[in-house]
Each structure stands twice: as C-alpha cells, then as structure tokens.
Amino acid sequence: MTLGTCARLVAGALLLAVAAGAPGAVAADAASASNALARELLAQLIAINTTDTPRGNVTTAAEAMAQRLRSAGFAGADIQVLGPSERKKNLVVRLRGTGKRKPVLLIGHLDVVEARREDWSTDPFQLVEKDGDYYGRGTLDMKGPDAIMLAALIRLKQEGVRPARDIILALTADEEGGGANGVHWLLQQHRELIDAQFVLSGDDYSVLTENGRPLFFKLVASEKVYADFQLRVTNKGGHSSEPVPDNAIYTLTRGLDRLAAYEFPFELNAVTREYYRRLAEIETPQRAADMRAILRDPPDKEALERLSREASDRSITRTTCVATRLDAGHANNALPQRAQAVVNCRILPGHSPEEVRQRLLQVLSNPAITVSYLAGDGTLSAGAPAGRGFAPPPLLPEVLTPLDRLVAETWPGLRVIPAMSAGASDATHTSAAGLPTYTFSPLTIDPNDDREHGRDERIGAASFDQANEFFYRYLRMVTAP
C-alpha cells in the first residue's frame with residue numbers, strides 16, 4: 001500500500017466516523033484514525049534524514065509533508081515550500097477560517113541533530129516501536145510534535161471545520177544549527193505568510209512526571225538568549241624543551257578556572273516569579289518554603305543557596321556561561337602558539353550578548369585572553385549583538401483559559417505552570433518580531449529520561465496518542481467562534 005493510499009484511507013475513516021455512529025463512538029473512531037495518521041506521519045518524517053550534514057536534507061521532508069497536505073485536500077495556493085537553498089526549504093500551509101479573528105501560527109522544526117547507528121540500539125532513522133515506546137531521532141525533538149500538528153490540521157480539513165481564525169503551520173529548517181534558520185528567514189523574507197496574533201510552538205514537552213505520576217503542565221512563555229563566545233590566547237610559542245611561564249594553554253585555563261568559579265547575579269522576571277509561585281503549591285514542604293522565600297525582596301540567601309544546588313533552578317534564575325570546547329597547540333614537541341575555547345552562554349531576558357561579553361572580560365581578568373562573539377554561521381566579531389532579550393509576553397486569556405480547562409479535563413488536579421526555558425528555540429525569533437509565543441507539547445515525559453539529542457531518543461506510544469488528541473481538541477478550542 002502506498003503512502004498516498006494509506007493517507008486517503010485514514011481521511012476516509014475520519015469522514016465515516018463523522019457520518020455514522022453514536023457521538024461517543026464517533027469521537028473515538030475519529031481519534032483512532034487521527035492517531036494512526038499521526039504515527040504514519042511520524043514514521044515518514046523519522047525516515048528522512050534532516051541533519052545538518054551532507055546526508056541530510058530538510059527540503060525532502062518539507063516536500064513529503066506538502067504532498068500529504070495536497071492529498072488531504074489543501075489547495076496548492078495554500079501550501080508553500082520555500083527557502084534560501086535547495087536543501088533548506090521550509091513548509092508553510094494555511095487552513096483558512098472565517099477571518100473573524102487574526103490567525104494563529106504553529107511552528108516546528110524539521111531538522112534534527114546527528115545520530116550515529118553504532119551509538120544506538122536501533123536504527124535512529126527508522127521509527128521502531130519497542131516495549132511501549134517509539135524510538136527514532138526526532139521522536140521528541142521534534143518530529144513527534146510536528147506529526148501531531150500536521151495530523152490536527154489534516155483532521156480539521158477532512159472534517160470540514162472552518163475555524164474563526166486562519167491556522168498557519170510552518171515547519172522549518174536549521175533550528176538545531178546551521179546558517180539558514182527557517183523561522184528567521186520567513187520573518188525577514190515572507191512575513192505575510194506567517195503573520196499572526198500569537199504563535200504556538202511544540203518545541204518542548206509539557207507534562208512532567210516523576211515515577212509515572214504527572215507533576216504539572218509546563219507552558220513556556222519566555223526563553224533565555226543563546227550566545228557563543230570564543231576565548232583565545234596567542235603567543236610566539238617555542239621548543240617544548242625550553243618551557244616558559246607565558247604558556248598559552250596555562251593562561252587560558254587559568255581564565256577558565258575563574259569563569260567556573262563565577263556566578264552571574266540572581267534574577268527573576270514576571271514568568272519565573274509566577275512559575276515559583278504556582279510550583280510552590282505542589283512542591284515538597286522544604287522546596288515550597290524556599291521558593292516562597294526567594295520571591296521576597298530581598299530574597300532569602302539560604303533558601304536561594306539550597307535551590308541553586310539544582311541545575312534546573314540555577315539555570316532559570318541566572319545567566320549561565322560554560323566552556324564547551326577546547327583547542328590548543330600544533331605539535332607534541334612545541335610550546336603552543338594558540339589556545340582557544342568556546343564558551344556557551346544562556347542569557348536572561350533583559351540582557352544582551354554584548355553585556356555578557358563585557359562581563360566575561362571582567363571575570364577572565366587578563367588582557368591576553370580575547371573574547372569574540374561566535375555567530376551561528378561560524379564568523380567571529382570583536383563585538384556581540386547589543387539587543388536585549390525580549391520581555392515575556394502577557395499570558396493571553398485566549399491561550400491560557402482553554403489550556404487550563406483541557407488540562408483539568410485530561411489530568412484532573414494538574415496545574416498549568418508558566419515557565420522560562422533555559423534553552424533557546426525558534427520562539428526567540430517570533431518573540432523578537434513582536435509575535436507573542438507560547439511553547440508546549442502535551443507529551444508526558446520524566447525529565448530523568450529526557451533523551452532528546454541523545455542516544456535512543458524515544459517517546460511513549462500511549463503518550464503520543466494522548467498528545468495527538470489533546471492538541472487537536474486544544475486547536476479546536478483556541479480557534480472556536
């Protein structure tokens with residue numbers, strides 16, 4: 001059976017489910033057909049290598065999904081595959097509504113990080129179901145959420161739904177790296193295709209669990225700013241038989257030791273304050289007390305010290321800079337003429353990469369160590385961008401109210417907790433463009449088993465089906481008349 005034939009059978013199942021049976025059976029049949037479609041889309045996406053390597057090609061995935069949408073009845077004029085290069089094209093599709101409200105934009109990236117077959121227990125570029133889990137590169141980050149968004153859009157189209165606002169889906173290139181970020185390119189070159197009242201990104205799982213028990217539903221409403229810096233020391237070198245104190249490696253590593261011992265100042269914003277306020281209601285007594293204590297002005301120092309022992313707390317209350325790469329020397333029997341390191345920083349909103357570069361120079365405290373900004377395309381510059389991270393958007397009622405309601409129906413007693421991501425995603429581009437952006441994917445994940453970017457990346461099969469139905473229902477609610 002061809003993929004096109006299977007897609008038509010799934011679409012037919014959706015229509016038959018609507019046309020016959022009791023309401024409960026209709027909903028169950030439609031959900032089952034949609035889950036089958038989402039799994040098929042996921043398998044097809046996983047099988048297409050979209051890494052930023054000579055073997056990877058994002059355009060292939062974009063074209064494959066465009067064909068899926070055409071087979072589902074979307075007009076050719078509502079599907080665009082476009083980008084700056086042949087291998088880095090993006091997919092934009094629009095489900096037209098009544099126009100009563102401004103559009104909503106859904107974003108997801110098609111590219112994935114590299115995965116080597118010898119490192120995995122399964123083929124990373126084949127979807128494998130094993131022991132109740134789906135394995136494959138991108139199942140979590142983020143071809144799983146991509147498939148869910150596609151399945152929801154196709155289901156709405158097949159059911160003949162006319163939402164109150166257009167629903168735009170952009171599946172893009174180079175979120176994980178590379179020089180052709182799709183969201184940035186679309187905003188710069190074709191903003192009219194993706195302009196919207198607000199943006200929903202699926203690039204972070206939301207239902208955090210511990211020992212199988214859901215803890216809370218995370219809604220990311222703010223992100224730190226990503227910045228790389230190159231630290232570099234050079235000197236004349238010499239023969240290794242005649243060592244001198246002025247050794248480029250020693251100079252650099254002494255500076256890195258000072259950086260390792262340095263902590264950026266503690267800081268909260270509107271989102272992280274609300275995060276700790278809500279999280280304190282469900283935490284253990286000691287952590288809850290500490291969370292409330294750091295909300296005071298000034299924050300309690302002992303409570304802050306206890307919370308800062310946890311990497312997850314430390315990462316959202318401070319800018320962080322950490323050495324991630326080292327390179328030095330040119331021969332075993334020669335004194336190094338050069339030593340350099342890459343330092344990766346995740347910067348709190350309200351601060352700029354240039355501000356952090358200046359702070360690094362102060363911390364390193366040695367004019368022999370230069371600090372250059374390392375752009376995504378590999379170019380170096382003496383100065384860094386001066387733009388400050390975007391302020392967190394307001395928590396729009398049309399986003400949060402239906403989410404609160406659906407979370408309560410799906411996981412009784414679970415709280416929606418606004419949060420700031422310590423990482424960086426395409427939300428930085430849409431937010432900087434003035435489009436309020438909210439990130440969630442209703443997948444159930446234990447953070448201790450988060451395998452995105454790692455070996456044997458996986459998601460639970462039951463969680464995937466549940467997330468697929470949840471997102472469809474939420475999209476219906478957020479676009480209702």
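The values are calculated or read from the model by the stated rules, or taken from the named source; none is laboratory data. On a predicted model such as this, the values are computed, not experimentally measured, just so you know. Glycine gets a Cβ as well: all are built from the backbone with ideal geometry, and neighbour counts include every protein chain shown. In case anyone asks, the SASA skips ligands and DNA or RNA and just uses the protein heavy atoms, side chains included. Shrake-Rupley method; radii C 1.70, N 1.55, O 1.52, S 1.80 Å.
Of all the residues in the range 235-266, those that are in contact with a Gly (Cβ under 8 Å, 6 or more places away or on another chain), farther than 14 Å from GLN340 by Cβ and surrounded by 14 or more Cβ atoms within 10 Å (Cβ to Cβ) number 0.
Of the listed requirements (1) modelled with pLDDT of 95 or more; (2) crowded, with 18+ Cβ neighbours inside 10 Å, GLU305 misses just one: (2). Remark: pairs (first residue in the range 254-278, without any contact (Cβ under 8 Å) to a residue 60 or more places away in the chain; second residue among the basic types (Lys, Arg) and assigned to a helix (DSSP H, G or I); Cβ separation under 9 Å; 6+ apart in sequence or on different chains) = GLU263/ARG314; TYR276/ARG292; ARG277/ARG292.
Residues of the range 340-371 that are open to solvent by less than 20 Å² (accessible area, probe 1.4 Å), part of a loop (DSSP other than H, G, I, E, B) and within 18 Å of PRO265 (Cβ to Cβ): LEU348, PRO349, SER352.
Taken over the range 403-424, the criterion of being farther than 21 Å from GLU267 by Cα and either open to solvent by less than 10 Å² (accessible area, probe 1.4 Å) or of a type in the set (Ser, Thr, Tyr) (or both) is satisfied by LEU403, LEU406, VAL407, THR410, VAL416. Taken together, GLY434, GLY454, GLY423 contain a single residue that is on the phi > 0 side of the Ramachandran plot, in a loop (DSSP other than H, G, I, E, B) and not acidic (Asp, Glu), which is GLY434.
Considering only residues in the range 373-392 that are more than 25 Å from GLU176 (Cβ to Cβ) and open to solvent by 70 Å² or more (accessible area, probe 1.4 Å), the one that is modelled with the highest pLDDT turns out to be ALA382. Can we say ARG232 is open to solvent by less than 40 Å² (accessible area, probe 1.4 Å) and touching a residue at least 12 places away in the same chain (Cβ under 8 Å)? No, not satisfied. Only residues that are under 23 Å from the mean Cα position of the chain (by Cα) and in a loop (DSSP other than H, G, I, E, B) were counted across the range 392-416, and they come to 7.
I'd like to know if the range 165-174 contains one or more residues that are of a type in the set (A, V, I, L, M, F, W, C), without any contact (Cβ under 8 Å) to a residue 60 or more places away in the chain and within 29 Å of PRO54 (Cα to Cα). Spell out the reasoning first.
Applying the first criterion (of a type in the set (A, V, I, L, M, F, W, C)) to the range 165-174 yields 167-171, 173.
Now narrow it down to the ones that are without any contact (Cβ under 8 Å) to a residue 60 or more places away in the chain: none.
No, because not a single residue in the range 165-174 is of a type in the set (A, V, I, L, M, F, W, C), without any contact (Cβ under 8 Å) to a residue 60 or more places away in the chain and within 29 Å of PRO54 (Cα to Cα).
For the range 360-375, the criterion of a residue being of a type in the set (Val, Ile, Thr) and in contact with a Gly (Cβ under 7 Å, 6 or more places away or on another chain) is satisfied by at least one position. Candidates ALA164, ALA173, ALA151, ALA147: the one that is farther than 22 Å from ASN57 by Cβ, among the hydrophobic types (A, V, I, L, M, F, W, C) and buried (at least 20 other Cβ atoms within 10 Å of the Cβ) is ALA151.
If you take the residues in the range 275-292 that are of a type in the set (Gly, Ala, Ser) and open to solvent by less than 10 Å² (accessible area, probe 1.4 Å), which one is nearest to the chain's Cα centre (by Cα)? Per the criteria, the residue is ALA280.
Checking LEU395, LEU400, LEU435 one by one, the residue that is in contact with a strand residue (DSSP E or B) (Cβ under 9 Å, 6 or more places away or on another chain), in contact (Cβ under 8 Å) with a residue 24 or more places away in the chain and open to solvent by less than 20 Å² (accessible area, probe 1.4 Å) is LEU435 and no other. Of all the listed residues (ALA66, ALA77, ALA27), the sole one being at pLDDT below 95, under 21 Å from LEU156 (Cα atoms) and aliphatic (A, V, I, L, M) is ALA27. Identification of helices (runs of 4 or more DSSP H) wholly contained in the range 269-315 with 2 or more residues that are within 28 Å of ASP404 (Cα to Cα) and not hydroxyl-bearing (Ser, Thr, Tyr) yields 270-279, 285-294. Write out, first by first residue and then by second, each pair whose Cβ atoms fall under 6 Å of each other, whose residues are 6+ apart or on separate chains, and whose first residue, in the range 285-299, is touching a residue at least 60 places away in the same chain (Cβ under 8 Å) while the second is not β-branched (Val, Ile, Thr). Listed by first residue and then by second, the contacts come to nothing, as the list is empty.
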